[in-house]
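First the structure, in the form of structure tokens, and then the observations on it.
The values are calculated or read from the model by the stated rules, or taken from the named source; none is laboratory data. What you see is a predicted model, and the numbers here were worked out from it, not measured in a lab. Cβ coordinates were reconstructed from backbone atoms using ideal geometry, including for glycine residues, and neighbour counts include every protein chain displayed.
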Amino acid sequence: MIPRYSRPEMVAIWSPETKFRIWFEIEAHACDALAELGVIPKSAAETIWEKGGKATFDVARIDEIEAVTKHDVIAFLTHLAEIVGPDARFVHQGMTSSDVLDTCFNVQLVRASDLLLADIDKLLEALKRRAFEHKDTVTIGRSHGIHAEPTTFGVKLALAYAEFERCKQRLIAAREEVATCAISGAVGTFANIDPRVEEHVAAALGLKPEPVSTQVIPRDRHAMFFATLGVVASSIERLATEIRHLQRTEVLEAEEYFSPGQKGSSAMPHKRNPVLTENLTGLARMVRSYAMPAMENVALWHERDISHSSVERMIGPDATVTLDFALARMTSVVDKLLVYPDNMMKNLNKFRGLVHSQRVLLALTQAGVSREDSYRLVQRNAMKVWEQGKDFLEELLADKEVRAALSEEDIREKFDLGYHTKHVDTIFKRVFG
């Protein structure tokens, strides 16, 4: 997590101040439940809330204590005792450090998910607006990077919209997956704390009790969460890569907005590079990379080891902060994207009608010619376009074998661009409703 690729609201979720505030709330809510159960005095729970609730936790002081204790939760509890006084002895009754750490981590992931979902909603809005703007903007579809058949630029953006809608649903499911709480003691058996304490803390924090935990919440949940972030990042890269290809000088069908005063190269003043989408490609690699260590965290020893801890201290902030930045940047790229319909049509017509080859093939088969012969006749004329720069329509009209099966009118009719986009309305209805 570096400032260059960070936004303040997401960064704040992972700040030490936020973390210690969540730790306090977990401990204080647990004290409330313990007081209701008669385990600790109600007056003690009230004092803990009163003094801790208005306190500003001193990060430097906690770090100072941890330098001696070598234990972050004990350092925090020691500092909390300095604030609360004698009633602090009732804090952390029957709990283990992971009850605090894991529940806090999940609270942070849930909050991060809410920001990411809002990011996706903004991207969806931009994609929908631009898709309808270019619903009927005809462009060439490409397979293997080679001209295939016509589509529309709006359909391309509708495809991205549908993909990010799926990303949204996956992220909602991932948020649900990690929205659990464990206040179950040293090995998850509630030996020294009542399960009703866990239920109370979970409800207070908007979580669900973990059905069965060890000393920790099972890490398959977190593996799914970070894998989902990786999928979202891959969808960002897919769209970014499409834009990068469309901005190539030889294509130039779309282009990132180039702001006044922007420079493209220290050596070549003419350059307008797709730097934002290239940047997004790199950020996607980073977010995806966090999924693997999250999966490796699943196999902890027995009721728990600490091998997952160092990983999560890094990937929690890094993955969510980076993805938050990437989604916002992708939204800006889509919102300001420069689109060049004239270049799209110029490129589509570059190979003199080859994009209609399948229609001619099908017409020949429907006219009684075998598929093998139909393919041979169409390909024979298509290769003249590739190799000699001929006009596909004219070559077909001059081909005696083709003309034996199809009239001039039949052939010319197969070169209608509108044929290829006649179902765009149906596609948009499926995507946007």
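Key figures
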| read-out | value |
| --- | --- |
| Some residue of the range 99-122 being in the same structural domain as residue 335 (by TED's automatic domain parsing), of a type in the set (Lys, Arg) and either under 30 Å from residue 35 (Cα atoms) or under 25 Å from the mean Cα position of the chain (by Cα) (or both) | yes |
| Lone unmet requirement of (1) in a helix (DSSP H, G or I); (2) touching a helix residue (DSSP H, G or I) at 6+ places or on another chain (Cβ under 8 Å); (3) closer than 22 Å to residue 89 by Cβ for residue 17 | (3) |
| Extreme residue, surrounded by the most Cβ atoms within 10 Å (Cβ to Cβ), among residues of the range 65-78 that are assigned to a helix (DSSP H, G or I) and within 38 Å of the chain's Cα centre (by Cα) | 76 |
| Some residue of the range 50-61 being assigned by TED's automatic domain parsing to the domain that holds residue 20, more than 38 Å from the chain's Cα centre (by Cα) and either among the charged types (D, E, K, R) or outside any helix (DSSP H, G or I) (or both) | yes |
| Unique match (being crowded, with 22+ Cβ neighbours inside 10 Å, small (Gly, Ala, Ser) and touching a helix residue (DSSP H, G or I) at 6+ places or on another chain (Cβ under 9 Å)) among 284, 328 | 284 |
| Total residues in the range 301-348, condition of a type in the set (Phe, Trp, Tyr) and assigned to a helix (DSSP H, G or I) | 1 |
| From 198, 237, 242, residue being at pLDDT 95 or above, in a helix (DSSP H, G or I), more than 17 Å from the chain's Cα centre (by Cα) and not polar (S, T, N, Q) | 198 |
| Flag if residue 313 is farther than 30 Å from residue 382 by Cα and crowded, with 16+ Cβ neighbours inside 10 Å | no |
| Filter result for residue 298 (in a loop (DSSP other than H, G, I, E, B), among the aliphatic types (A, V, I, L, M) and touching a residue at least 12 places away in the same chain (Cβ under 8 Å)) | yes |
| Out of 201, 197, 212, sole residue that is surrounded by fewer than 21 Cβ atoms within 10 Å (Cβ to Cβ) and either among the acidic types (Asp, Glu) or out of contact with any Phe, Trp or Tyr (no Cβ under 6 Å at 6 or more places or on another chain) (or both) | 212 |
| Residue match in the range 408-423 (condition: closer than 30 Å to residue 126 by Cα and not in a helix (DSSP H, G or I)) | yes |
| Hits in the range 141-183 - residues which are surrounded by fewer than 22 Cβ atoms within 10 Å (Cβ to Cβ), in contact with an Asp or Glu (Cβ under 8 Å, 6 or more places away or on another chain) and either free of Cβ contacts under 8 Å to residues at least 40 places away in the same chain or not in a helix (DSSP H, G or I) (or both) | 141, 180 |
| Residue check for residue 39: surrounded by fewer than 20 Cβ atoms within 10 Å (Cβ to Cβ), outside any helix (DSSP H, G or I) and in contact (Cβ under 8 Å) with a residue 40 or more places away in the chain | yes |
| Check on residue 212, aliphatic (A, V, I, L, M) and in contact with a helix residue (DSSP H, G or I) (Cβ under 9 Å, 6 or more places away or on another chain) | no |
